[in-house]
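Dropping a structure here in structure tokens format, bear with me for questions.
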Amino acid sequence: MVRNPERRTALVDAAIEVLAREGARGLTFRAVDAQAGVPAGTSSNYFSSRDDLFTQAGRHIHGRMAPDPAEVAEVMRPGPSRELVASLTHWVVRRMTAERTGYLAMLELRLEATRRPALRAELTRALRADLEANIRFHVDSGLPGDADTVRLLYLAVNGLLVEAFTLPGMFGEEKTTEQGVSEGELAGSGSPDPGIARLVRLIVDRIVPT
């Protein structure tokens, strides 16, 4: 296989864009080549099969959606408290809303992982490592709660994001654009609408001890 890391990364990024826009069925070598603006047949020189393309996308998307350590340090400047957990959680939701393409692609990859063992293993490894790192960060930072607090926040916030991205009207009437993006998601540089912000606050208040 061709070894050009920059070109491979560009192709995987193109695959993520295709996944978010067309879904798993639309992820073909031809579609990736077109999205990346490269000659037809380029992707087949970098990925041994469609299954390999899915697995590489699953491996790359985790890094693409990871926060900048400097941003984390800035958010963590206040002392540990439930208010800080709320700020962190709001920040995570804003980041995911701003990275809408990546989050929708991740949902497609999760569904496809039920049919592709290699992809399932890759996503499980990456997301488990990320959750364990978040638990260590929470405990080591002296934030209120324990490992189970972080697990419950993870489950609740991910459930909220799935609803917000796929059925934005679930928790109230909300107008959407022709592309299916809620007007709240478009407002304020990717900030979620006030209803989502209220639910995030409720999640933190109900799960995180004082």
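Can you tell me which residue is farthest from ALA66 (Cα to Cα) among those in the stretch 120-134 that are without any contact (Cβ under 8 Å) to a residue 24 or more places away in the chain and surrounded by fewer than 16 Cβ atoms within 10 Å (Cβ to Cβ)?
Filtering the stretch 120-134 for residues without any contact (Cβ under 8 Å) to a residue 24 or more places away in the chain gives 120-121, 124-125, 128-129, 131-134.
Among the residues that remain, those that are also surrounded by fewer than 16 Cβ atoms within 10 Å (Cβ to Cβ) are: 121, 124-125, 128-129, 131-133.
Working: ALA121: 19, THR124: 16, ARG125: 15, ARG128: 14, ALA129: 12, LEU131: 12, GLU132: 14, ALA133: 12 Å.
Looking at residues that are without any contact (Cβ under 8 Å) to a residue 24 or more places away in the chain and surrounded by fewer than 16 Cβ atoms within 10 Å (Cβ to Cβ), I get ALA121.
Considering only the stretch 44-78, how many residues are surrounded by fewer than 20 Cβ atoms within 10 Å (Cβ to Cβ) and among the β-branched types (Val, Ile, Thr)?
2
Determine which single condition SER81 fails, assuming it passes every other condition in (1) exposed (fewer than 15 other Cβ atoms within 10 Å of the Cβ); (2) more than 25 Å from GLY159 (Cβ to Cβ); (3) among the polar types (S, T, N, Q).
(2)
Moving to a separate point now. Does SER44 fit the bill of being under 19 Å from LEU111 (Cα atoms), among the hydroxyl-bearing types (Ser, Thr, Tyr) and free of Cβ contacts under 8 Å to residues at least 40 places away in the same chain?
In short, no.
Please go through the stretch 5-44 and pick out each residue that is within 18 Å of ILE61 (Cα to Cα) and polar (S, T, N, Q).
Within the stretch 5-44, THR9, THR28, GLN35, SER43 meet the criteria.
Further question: Restricting attention to the stretch 135-156, report how many residues are more than 19 Å from LEU199 (Cβ to Cβ) and either open to solvent by 40 Å² or more (accessible area, probe 1.4 Å) or charged (D, E, K, R) (or both).
7
Considering the stretch 144-161 alone, what residues qualify as being in contact with a Lys or Arg (Cβ under 9 Å, 6 or more places away or on another chain) and modelled with pLDDT under 95?
none
Would you be able to say whether some residue in the stretch 62-77 is touching a residue at least 24 places away in the same chain (Cβ under 8 Å), of a type outside the set (S, T, N, Q) and assigned to a helix (DSSP H, G or I)?
Checking the stretch 62-77: at least one residue is touching a residue at least 24 places away in the same chain (Cβ under 8 Å), of a type outside the set (S, T, N, Q) and assigned to a helix (DSSP H, G or I).
Could you go through the stretch 171-178 and let me know if any residue there is surrounded by fewer than 20 Cβ atoms within 10 Å (Cβ to Cβ), among the charged types (D, E, K, R), in contact with a strand residue (DSSP E or B) (Cβ under 9 Å, 6 or more places away or on another chain) and modelled with pLDDT under 90.
Yes, some residue in the stretch 171-178 is surrounded by fewer than 20 Cβ atoms within 10 Å (Cβ to Cβ), among the charged types (D, E, K, R), in contact with a strand residue (DSSP E or B) (Cβ under 9 Å, 6 or more places away or on another chain) and modelled with pLDDT under 90.
Counting only residues that are closer than 21 Å to GLU22 by Cβ, of a type in the set (Lys, Arg) and open to solvent by 50 Å² or more (accessible area, probe 1.4 Å), which one in the stretch 90-119 is farthest from the chain's Cα centre (by Cα)?
Residue satisfying both the conditions and the ranking: ARG115.
Next question, about the same structure. Based on what the data block shows, is ALA86 modelled with pLDDT of 90 or more, part of a helix (DSSP H, G or I), open to solvent by 30 Å² or more (accessible area, probe 1.4 Å) and over 19 Å from ASP130 (Cβ atoms)? Write out each step before concluding.
Details: modelled with pLDDT of 90 or more: yes; part of a helix (DSSP H, G or I): yes; open to solvent by 30 Å² or more (accessible area, probe 1.4 Å): no; over 19 Å from ASP130 (Cβ atoms): yes.
Considered against the rule, which asks whether it is modelled with pLDDT of 90 or more, part of a helix (DSSP H, G or I), open to solvent by 30 Å² or more (accessible area, probe 1.4 Å) and over 19 Å from ASP130 (Cβ atoms), ALA86 comes out as no.
When the stretch 25-39 is examined, which residues are found to be under 17 Å from ARG116 (Cβ atoms) and not in a loop (DSSP other than H, G, I, E, B)?
Scanning the stretch 25-39 gives ARG25, GLY26, PHE29, VAL32.
Sort out which residues of the stretch 8-41 are open to solvent by 80 Å² or more (accessible area, probe 1.4 Å) and over 20 Å from ALA105 (Cα atoms), and write them in order of number.
PRO39, ALA40
The values are calculated or read from the model by the stated rules, or taken from the named source; none is laboratory data. Since the model is a prediction, treat every value here as computed from it, not as a measurement. Don't worry about glycine lacking a Cβ; one is built from the backbone with ideal geometry, like all the others, and counts go over all protein chains shown. These accessible areas exclude ligands, DNA and RNA; they are computed on the full protein's heavy atoms, side chains included. Shrake-Rupley method; radii C 1.70, N 1.55, O 1.52, S 1.80 Å.
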